[in-house]
Amino acid sequence: MIVATGYQEFDASRITHFGYGKLPNVITSFEFERMVREGRIETAEERRPQYAAILHCVGSRSLEFHAYCSRVCCMTALKYAHELKSAVPGCYVSDVYIDMHAFGKGCEDFYRRSSEVKTLFIMYGKNDYPVIRKAEPGDDCEMLIEVSEQLSGERIEIPADLVILMVGMEARADAAEVARLVRISQDKDGWFIESHPKLDPVATTTEGVFIAGTCAAPKDIPDSVAQARAAAARILGKIAKGIIEVDAVFAEIDEEACSGCRICNELCPYGAIEYKADVKRSRVISALCKACGACVAACPSGAIRARHFTDEQILAEIEGVLA
């Protein structure tokens, strides 16, 4: 099984001082993407924007919301700046950011070219949000963005007719339910946990279940495609063998000693123990068991043992060491 449930966009209305949902010309990056695809870049009043501002890290790199970086926003923001310049000649574009993460092949050159086409880059401090408010009737713009500019140390105002909020990625609301169904783990931010972030980035601790894409962490399209191909290759590699090898170390239940209390069923993190209602006894599914020993230690009647790690074997090893 490959789990590729993706992510959801951060709800920009949670940050009240951005005015999303109240100021009609404050939109999210997803809404601007739809504008670009439809071939029209204009304000709510159907006018071409004279001033446009792109705000980074909306919901990301924040102690209040998500401390992690959503990774793809910086390069997407630079792309939007180029599209604004191309679609609306003469538009003044301000790129308001915390840090510029120009990772990946050719990204640093793209950042340099954005500077050459006179995109105005304004850096502000982490956890020091810009404040967007409606401009006065006499002003030559729809809105004003008040921000503490990090390099000069001054509080400045940026004019804007259109504000694009680069909303971050977050785990889907139903991620916990999916994790419970397929018996995989989540980290503190709700992303699915891989078996090993470097050596085994597509497998999970549950045998036969793999993950791909942004259900594991924020990533761009090339990384998502690479991970999906790796997950598919792992599955094809197993199928090509014709047989599935199972670890020889797993738990076993002595059904005659089992009282049917079902404590082990609740404890097993891999769903490897099933309850047989007809005989009122539990049974271990050896192909799913990871020999963690939780059921062995918890069984009140001592009916469960781990193969190759029985009490007799361990005591014999201790005697051998002490002899």
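Only residues that are surrounded by fewer than 18 Cβ atoms within 10 Å (Cβ to Cβ) and either touching a residue at least 24 places away in the same chain (Cβ under 8 Å) or of a type in the set (A, V, I, L, M) (or both): list them for the stretch 102-112, please.
Passing the criteria: 102, 103, 104, 107, 110.
Before we move on, is residue 59 surrounded by fewer than 17 Cβ atoms within 10 Å (Cβ to Cβ) and either in contact with a Ser or Thr (Cβ under 8 Å, 6 or more places away or on another chain) or not hydroxyl-bearing (Ser, Thr, Tyr) (or both)?
In short, no.
Go through the residues of the stretch 81-88 one by one and say whether even a single one is assigned to a helix (DSSP H, G or I), under 28 Å from residue 153 (Cβ atoms), touching a helix residue (DSSP H, G or I) at 6+ places or on another chain (Cβ under 7 Å) and in the same structural domain as residue 159 (by TED's automatic domain parsing).
yes
Could you list all residues from the stretch 50-67 that are touching a helix residue (DSSP H, G or I) at 6+ places or on another chain (Cβ under 8 Å) and either of a type in the set (Phe, Trp, Tyr) or more than 19 Å from residue 147 (Cα to Cα) (or both)?
65 - this is the single residue of the stretch 50-67 that is touching a helix residue (DSSP H, G or I) at 6+ places or on another chain (Cβ under 8 Å) and either of a type in the set (Phe, Trp, Tyr) or more than 19 Å from residue 147 (Cα to Cα) (or both).
If we scan the stretch 63-70, do we find a residue that is at pLDDT below 85, under 24 Å from residue 154 (Cα atoms) and of a type outside the set (D, E, K, R)? Steps first, answer last, please.
Quick first cut of the stretch 63-70, residues at pLDDT below 85 only: 63.
The next check asks that each one be under 24 Å from residue 154 (Cα atoms); those that pass are 63.
Narrowing the set further to residues that are of a type outside the set (D, E, K, R) leaves 63.
There is at least one residue in the stretch 63-70 that is at pLDDT below 85, under 24 Å from residue 154 (Cα atoms) and of a type outside the set (D, E, K, R).
All but one of (1) touching a strand residue (DSSP E or B) at 6+ places or on another chain (Cβ under 9 Å); (2) on the phi < 0 side of the Ramachandran plot hold for residue 152, so report the exception by its number.
Here residue 152 meets the rest and fails (1).
Taking only pairs six or more apart or across chains, which ones have beta-carbon atoms under 9 Å, a first residue in the stretch 1-25 that is within 14 Å of residue 130 (Cα to Cα) and assigned by TED's automatic domain parsing to the domain that holds residue 145, and a second residue that is part of a loop (DSSP other than H, G, I, E, B) and of a type in the set (Asp, Glu)?
The qualifying pairs are 15/64; 20/11.
Evaluate the following for residue 230: is it at pLDDT 90 or above, small (Gly, Ala, Ser) and at negative phi?
yes
Tell me, yes or no, whether the stretch 128-142 has at least one residue that is within 28 Å of residue 222 (Cα to Cα), of a type in the set (Phe, Trp, Tyr) and not assigned by TED's automatic domain parsing to the domain that holds residue 222. First the steps, then the outcome.
From the stretch 128-142, those within 28 Å of residue 222 (Cα to Cα) are none; that's our starting set.
Within the stretch 128-142 (the criterion being within 28 Å of residue 222 (Cα to Cα), of a type in the set (Phe, Trp, Tyr) and not assigned by TED's automatic domain parsing to the domain that holds residue 222), the answer is no, since none of the residues qualifies.
May I ask you to list the residues in the stretch 146-195 that are farther than 21 Å from residue 217 by Cβ, touching a Ser or Thr at 6+ places or on another chain (Cβ under 6 Å) and outside any strand (DSSP E or B)?
If the condition is that a residue be farther than 21 Å from residue 217 by Cβ, touching a Ser or Thr at 6+ places or on another chain (Cβ under 6 Å) and outside any strand (DSSP E or B), then 161 is the only one that fits.
The conditions are (1) in contact with a strand residue (DSSP E or B) (Cβ under 7 Å, 6 or more places away or on another chain); (2) over 20 Å from residue 6 (Cβ atoms); (3) charged (D, E, K, R); (4) outside the structural domain of residue 67 (by TED's automatic domain parsing), and residue 200 fails exactly one of them. Which is it?
(1)
Kindly indicate whether residue 274 is exposed (fewer than 11 other Cβ atoms within 10 Å of the Cβ) and outside the structural domain of residue 186 (by TED's automatic domain parsing).
Answer is no for this residue.
The values are calculated or read from the model by the stated rules, or taken from the named source; none is laboratory data. Being a predicted model, the structure only gives us computed values, none of them experimental. Note that each Cβ is placed from the backbone with ideal geometry, even for glycine, and that neighbours are counted across all protein chains shown.
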